[in-house]
Amino acid sequence: MTTLERIKQLKKEKNAVILAHYYVDDDVQEAADYVGDSYYLSKAAASAEADVIVFCGVSFMGESAKILNPGKTVLMPDAAADCPMAHMADIEKIKKCKEEYDDLAVVCYINSTALLKTYSDVCVTSANAMDVVRALPNRHIYFIPDANLGQFIASKLPDKHFIFNDGYCHVHKDITAADIQNAKEAHPDALVLIHPECTPDAVALADYAGSTTGIINYASASSCSEFIICTETGVFKELKDKNPEKGFYPVHGHQCCTDMKLITLEKVARALERMEHPVEMDEETRRKAARPLERMLELAQ
Ligand code: SF4
């Protein structure tokens, strides 16, 4: 029996569903029931009917699934798969900011730990951040943890006053403006599509900036046939599946999230077999972290 066949059998036996982020390896995406970006997967997790959710992604994703589904078992195929940026905000700084501004909203990118979410008023994803922040009554926004996404949203919402944090995604930060210039010289007819976790000077060179789903939709709807893709290269699977006739180029050879790539088919099968690496959190943390996630799902409607 192949690993994929084993996974299918185990899914039936355990009444499990598999969620996978676009950044995991192609074979893992193929084994999943739902593949998407953080926003899509948070909605899929919120409405999951299975008893067991296997989350093929990094730990904050599994935590979010558990927060939204306290009664279900959420399994992580590799417990070490973690997003460094998810930890890059300081609770003391959040408290200080709250003291300084009366009407402050702490807006927390979903790429954050459950603990950081408990100190936040609302969560956002790169796909819905603009709509959610625009819908907030607050003028002062403390955006955690990602500085680059915060600056991107701030540039679109001039009526709000943003305070930025200094977190970043190393994968997107490493896609520099100079790299993009080089890629444009190599592919002069290609459009540049970028994720807003990249730095503002890199975003300024792009023809389109948006979430991974936004990038896929833009490339699919475009009459252009070549694209330079400035995000993690796991997204190339969906881009090529949807647009086999179009050309997609990375900016350089290391647009790779090593944490996402820890997830393998073998680990998915093992997690299901042994019910390994369940996400656990105390009820108070879960309840407090649920509020900003649920508010995001409401405001993004
Ligand atoms: S790509 Fe960046 S933001 Fe996404 S999980 Fe990896 S390190 Fe975190």
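Points worth noting:
- Residue list for region 11-27, restricted to those being under 17 Å from residue 260 (Cα atoms), crowded, with 22+ Cβ neighbours inside 10 Å and more than 16 Å from the ligand (Cβ to nearest atom): 18
- Qualifying residue in region 180-188 (condition: within 20 Å of the chain's Cα centre (by Cα), outside the structural domain of residue 57 (by TED's automatic domain parsing) and open to solvent by 40 Å² or more (accessible area, probe 1.4 Å)): no
- Looking across region 28-59, the residues that are over 19 Å from residue 216 (Cα atoms) and surrounded by fewer than 24 Cβ atoms within 10 Å (Cβ to Cβ) come down to 31, 46, 47, 48, 49, 50, 51, 52, 59.
- Single condition residue 91 does not satisfy, out of (1) over 15 Å from the mean Cα position of the chain (by Cα); (2) aliphatic (A, V, I, L, M); (3) open to solvent by less than 20 Å² (accessible area, probe 1.4 Å): (3)
- Exclusive hit being within 16 Å of the ligand (Cβ to nearest atom) and crowded, with 16+ Cβ neighbours inside 10 Å, set 262, 299, 293: 262
- Residue pairs meeting the criteria (Cβ under 6 Å; at least 6 apart or on separate chains; first farther than 19 Å from residue 210 by Cα, in region 172-190; second at pLDDT below 95 and away from the ligand (no atom under 16 Å from the Cβ)): none
- Odd one out for residue 219 among (1) more than 16 Å from the ligand (Cβ to nearest atom); (2) open to solvent by 20 Å² or more (accessible area, probe 1.4 Å): (2)
- A count restricted to region 149-160 and to residues that are within 20 Å of residue 116 (Cβ to Cβ) and open to solvent by 70 Å² or more (accessible area, probe 1.4 Å) stands at 1.
- Checking region 179-188 against the condition returns no match, with no residue being under 26 Å from residue 20 (Cα atoms) and either within 16 Å of the ligand (Cβ to nearest atom) or among the acidic types (Asp, Glu) (or both).
- Among the criteria (1) open to solvent by less than 50 Å² (accessible area, probe 1.4 Å); (2) within 21 Å of the chain's Cα centre (by Cα); (3) modelled with pLDDT of 95 or more, the one residue 163 does not fulfil is (2).
- Hits in region 60-76 (condition: crowded, with 24+ Cβ neighbours inside 10 Å and among the polar types (S, T, N, Q)): 64
Residue by residue, here is whether (1) within 16 Å of the ligand (Cβ to nearest atom); (2) β-branched (Val, Ile, Thr); (3) out of contact with any strand residue (DSSP E or B) (no Cβ under 9 Å at 6 or more places or on another chain) holds:
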residue	(1), (2), (3)
88	yes, no, no
100	no, no, no
103	no, no, no
108	yes, no, no
114	yes, no, yes
117	yes, no, no
122	no, yes, no
131	no, no, no
140	no, no, no
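The values are calculated or read from the model by the stated rules, or taken from the named source; none is laboratory data. Being a predicted model, the structure only gives us computed values, none of them experimental. Note that we place each Cβ from the backbone using ideal geometry, even for glycine, and neighbour counts take in every protein chain shown. Ligands, DNA and RNA are excluded from the accessible area calculation, which covers all protein heavy atoms including side chains. Shrake-Rupley method; radii C 1.70, N 1.55, O 1.52, S 1.80 Å.
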